[in-house]
1. Only one residue in Glu338, Glu343, Glu385, Glu357 is over 26 Å from the mean Cα position of the chain (by Cα) and either buried (at least 19 other Cβ atoms within 10 Å of the Cβ) or within 21 Å of Val519 (Cβ to Cβ) (or both), so which one is that?
2. Spot the failing condition for Leu420; the list is (1) under 26 Å from Leu376 (Cβ atoms); (2) surrounded by 21 or more Cβ atoms within 10 Å (Cβ to Cβ), and only one is missed.
3. Using beta carbons and a limit of 6 Å, which pairs, at least six apart or on different chains, have the first residue in the stretch 472-488 and within 22 Å of Trp128 (Cα to Cα) and the second one part of a loop (DSSP other than H, G, I, E, B) and not aliphatic (A, V, I, L, M)?
4. Quick check: anything in the stretch 179-198 more than 21 Å from Phe220 (Cβ to Cβ), exposed (fewer than 14 other Cβ atoms within 10 Å of the Cβ) and out of contact with any strand residue (DSSP E or B) (no Cβ under 9 Å at 6 or more places or on another chain)?
5. Out of the stretch 394-417, which residues are crowded, with 24+ Cβ neighbours inside 10 Å and within 18 Å of the chain's Cα centre (by Cα)?
6. Within the bounds of the stretch 355-366, is there any residue that is at pLDDT 80 or above and in contact with a strand residue (DSSP E or B) (Cβ under 9 Å, 6 or more places away or on another chain)?
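The values are calculated or read from the model by the stated rules, or taken from the named source; none is laboratory data. All of these numbers come straight from a predicted model, not from anything done at the bench. A quick note on method: Cβ atoms are made from the backbone with ideal geometry, for glycine too, and the neighbour counts reach across all protein chains shown.
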Amino acid sequence: MALRVDDASSNETAIITCLVSVLAVVYFAWNVKKSRKANATLPPGPRGLPVFGYLPFLGTTDLHKKFTELSGVYGPIFKLWLGNKLCVVVSSPSLIRQVVRDQDTTFANRDPPKAALVVSYGGNDIAWSNYGPEWRKLRKFFVGKMMNNESLDACYALRKQEVKNTIRDLYNNDNKIGKPIDIGELSFSTLVCAIQNMLWGEALELKEKGTTNLRAGLKFKLAELMVLAGTPNISDVFPMLSWLDIQGIERRAKKISLWLDNVINSTVEQHRNKELTVEGEERAGKNFEGSRNKNFLQLLLELQENDDSASSISMNQFKAVLADIITSGTDTTTTMVEWTMAELMQHPQVMKKVQEELAQVVGMDSCVEEFHLSRLMYLDAVVKETFRLHPAVPLLLPRRASESSNIGGYNIPKDTTIMLNVRAIHRDPKLWDNPLQFRPERFLDDGIASKFDYSGNNFQYLPFGSGRRMCAGIALAERMLMFVLASLLHSFEWELPTGTKLNLSEKFGIVIKKKEPLVAIPTPRLSNSELYH
């Protein structure tokens with residue numbers, strides 16, 4: 001009897017096991033079919049390993065080049081899985097239009113890497129924060145108050161002072177004139193002092209612990225930061241591993257952030273002490289030599305100290321915006337000065353045309369002023385052509401879909417990371433005649449010059465991006481880049497050291513720099529030595 005009960009129980013267990021197995025197989029097959037159906041609506045792309053995704057992405061140091069190669073295989077829109085993160089890369093004007101114009105709000109969020117989150121005080125700046133009321137408030141203030149023509153015109157003398165200092169120091173220093181000069185170092189020193197001037201009214205020498213001043217420290221910190229922000233980070237695609245900080249990216253970014261935070265705190269303290277001194281002098285009826293015009297720091301402090309929550313900003317937002325100005329205002333412009341000078345050294349006939357234009361517009365008995373810039377049409381074309389071949393941020397900053405959408409007939413799920421391969425568009429032979437040739441005249445051709453500016457309205461040319469998330473500091477960047485270049489080229493002749501071969505290879509980072517520093521020898525070009533003083 002017991003044997004029959006055991007047999008019946010065994011048969012029952014076998015039947016249940018069989019049914020569960022069948023149901024499991026059916027459920028698995030249904031899921032696979034459902035997954036395949038969903039994936040069929042996604043853009044094409046390389047196969048990735050389960051869980052890990054497309055591993056070659058994590059090993060490459062030239063993402064824009066890898067993406068361009070994949071575009072040649074899969075077309076102008078493709079996907080790749082990075083861990084459990086879905087990324088979609090777009091590299092055609094019509095598809096980019098759908099992202100930045102037709103569905104701009106949907107794709108207006110950011111997907112900041114770990115290093116960017118750390119340095120932006122948790123994504124509280126203009127560049128990396130998500131789209132929303134706080135971001136709109138910051139950008140409206142930044143563009144409307146700090147980057148408007150009145151504000152930039154008011155601090156022109158501060159920018160001009162540093163450019164003049166650079167020209168004077170080059171001319172008067174026996175160790176520089178006629179000797180090899182690092183162009184990147186030269187332009188960085190000029191720009192960081194100019195930015196300091198505009199931020200708090202004068203180029204303060206803020207000391208770190210030790211003997212290194214702000215200018216020297218900032219150069220190396222920024223160079224490291226741009227590499228960290230552009231490095232494929234394992235913890236960004238495998239969040240469960242973020243606590244390990246396997247690559248040390250978060251640790252290194254925090255170190256830079258702490259250094260920058262100390263600089264900002266020291267700056268604010270010195271600024272407030274200076275203001276108290278000025279107020280005391282004025283109350284005592286004494287004349288105080290110095291501008292009472294509001295600098296950028298004063299404008300931000302007023303916003304931060306405002307009691308109205310609708311128009312005030314937090315301390316983290318205040319610091320994050322300052323960090324944006326210090327980093328973006330120096331690093332990208334320095335990079336473009338170096339690329340432009342490198343292309344001119346590579347094409348001396350183009351440099352000759354630039355200097356002939358400067359002689360005609362400015363005159364050999366005058367120095368460059370900002371009012372000359374709008375008449376330097378050929379130099380403007382040279383800069384635009386350099387941006388075409390060497391966009392400072394070739395993939396722009398990554399966007400993230402706030403809701404499911406559609407690009408080019410393909411499904412784009414919510415939270416997908418969107419990357420815009422601007423460099424590929426700028427070098428597309430279907431869009432540009434002889435795209436790898438450096439030819440500024442293409443921006444002077446009748447009917448073409450007016451179509452290409454930095455506004456982001458022509459999706460064939462987007463060096464500063466487009467839509468709501470395009471670069472907020474274009475107005476200042478354009479002025480500073482043109483002014484520094486025009487001043488260096490008008491004041492000096494430049495040539496490579498004897499036996500030197502120009503190398504135009506690139507150094508990886510979120511901002512693409514020259515791999516090898518550009519070194520050139522300046523000789524005075526102006527006959528009146530007083531112009532150098």
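1. Result: Glu357 is the single residue among Glu338, Glu343, Glu385, Glu357 that is over 26 Å from the mean Cα position of the chain (by Cα) and either buried (at least 19 other Cβ atoms within 10 Å of the Cβ) or within 21 Å of Val519 (Cβ to Cβ) (or both).
2. Evaluating Leu420 over (1) under 26 Å from Leu376 (Cβ atoms); (2) surrounded by 21 or more Cβ atoms within 10 Å (Cβ to Cβ) leaves (1) as the failure.
3. Ile474/Tyr454; Ile474/Phe464
4. Scanning the stretch 179-198 turns up no residue that is more than 21 Å from Phe220 (Cβ to Cβ), exposed (fewer than 14 other Cβ atoms within 10 Å of the Cβ) and out of contact with any strand residue (DSSP E or B) (no Cβ under 9 Å at 6 or more places or on another chain).
5. Correct list: Pro394, Leu396, Arg399.
6. yes
Matching residues to (1) surrounded by 20 or more Cβ atoms within 10 Å (Cβ to Cβ); (2) of a type in the set (A, V, I, L, M); (3) assigned to a helix (DSSP H, G or I):
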position	(1), (2), (3)
Ala116	yes, yes, yes
Gly122	no, no, no
Asp125	yes, no, no
Phe142	yes, no, yes
Glu150	no, no, yes
Lys164	no, no, yes
Arg168	no, no, yes
Lys176	no, no, no
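Quick grid of which residues meet (1) of a type in the set (D, E, K, R); (2) more than 20 Å from Ser129 (Cα to Cα):
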position	(1), (2)
Leu379	no, yes
Pro391	no, yes
Met419	no, no
Asn434	no, yes
Gln437	no, yes
Asp453	yes, yes
Gly456	no, yes
Phe464	no, no
